[in-house]
1. For the pairs Lys13/Lys96; Lys13/Lys155; Lys96/Lys156; Lys96/Lys155, note any where the Cα-Cα span goes beyond 25 Å.
2. Identify which of the listed values of Rg/Rh (Cα atoms, Kirkwood Rh) was calculated from the structure shown: [x] 1.02; [y] 0.95; [z] 1.22.
3. Between Ala91 and His26, what is the label-to-label distance in nm when each label sits 7 Å out along the Cα-to-Cβ direction?
4. What is the distance in Å between the Cα centroid of segment 9-53 and that of segment 82-159?
5. For the chain, which longest stretch is free of loop sites, where a loop site is one of the chymotrypsin sites (Phe, Trp or Tyr not before Pro) that DSSP puts outside H, G, I, E and B and that has at most 16 other Cβ atoms within 10 Å?
6. For the peptides 141-153, 119-131, what is the packing order when you average, over each peptide's residues, the other Cβ atoms within 10 Å and list the highest mean first?
7. By count of other Cβ within 10 Å, fewest leading, how are Asp32, Asp11 ordered?
8. From the phi angles alone, apply the Karplus equation (6.51, -1.76, 1.60; θ = phi - 60°) to segment 146-157 and give each ³J(HN,Hα) in whole Hz, x where the residue is Gly or Pro.
Amino acid sequence: MPQRTRPPRPDPKIEALRVDGALNRHAAQITDPVFGAHPFFDARDLVQVKYEMLRRVEIDARPVTPTAAAFRLSRPSFYQAQRAFQQRGLAGLLPKKRGPHGGHKLTAEIVTFLQQAQARDVSLRPVDLAQHVADRFAVTVHPRSIERALARQEKKRQR
């Protein structure tokens with residue numbers, strides 16, 4: 001009977017780096033000799049790559065431009081990383097969350113208003129609801145944001 005082979009399991013570190021936004025897409029192209037010389041140095045980890053780049057310049061007194069190129073980063077990226085590291089330490093090298101950090105315009109009061117308006121008239125479209133919010137609260141909200149907020153509330157209600 002032929003033996004089944006299992007597909008290889010995905011590397012959990014790669015998935016964690018991807019989720020955190022710290023997966024280096026150019027890992028295979030890094031030419032600095034420390035990466036590849038020892039398994040501790042992981043070119044897939046963008047935080048580690050930036051730290052090693054800074055260390056090469058600060059401690060080993062290497063020039064910025066060729067060092068940044070060896071790490072597949074630009075000169076401006078080096079200076080941004082340097083400033084972030086000086087201001088916040090290692091935490092400054094962590095990727096920042098992109099985009100808005102929550103529905104800052106859609107307060108609980110506005111979401112309640114939207115739910116009540118939709119309950120009174122189910123034919124109201126998100127565009128109409130956005131206009132009602134603008135008229136009542138003097139806040140401009142994108143119709144898609146309204147759709148998402150109402151969907152979240154519906155999901156909470158179903159639990």
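Please treat every number below as a calculation from the coordinates, not as lab data. Since this is a predicted model, take the numbers as computed values, not measurements. Cβ atoms come from the backbone with ideal geometry, glycine included; neighbour counts cover every protein chain shown.
1. Numbers: Lys13/Lys96 19 Å; Lys13/Lys155 31 Å; Lys96/Lys156 28 Å; Lys96/Lys155 28 Å.
Beyond 25 Å between Cα atoms: Lys13/Lys155; Lys96/Lys156; Lys96/Lys155.
2. Comparing each candidate, only [z] matches the computed number.
3. According to this spin-label approximation, the distance is 2.8 nm.
4. One Cα centre to the other: 34 Å.
5. Details: sites that count: Phe40, Phe41.
That gives 42-159 as the longest site-free run.
6. Values: 141-153: 15.6, 119-131: 13.0.
Ranked from most to least packed, the peptides come out as 141-153, 119-131.
7. Working: Asp32 19, Asp11 10.
Placing the least packed residue first, the sequence is Asp11, Asp32.
8. In residue order, the calculated couplings are 5, 4, 5, 5, 5, 5, 4, 5, 5, 5, 4, 5 Hz.
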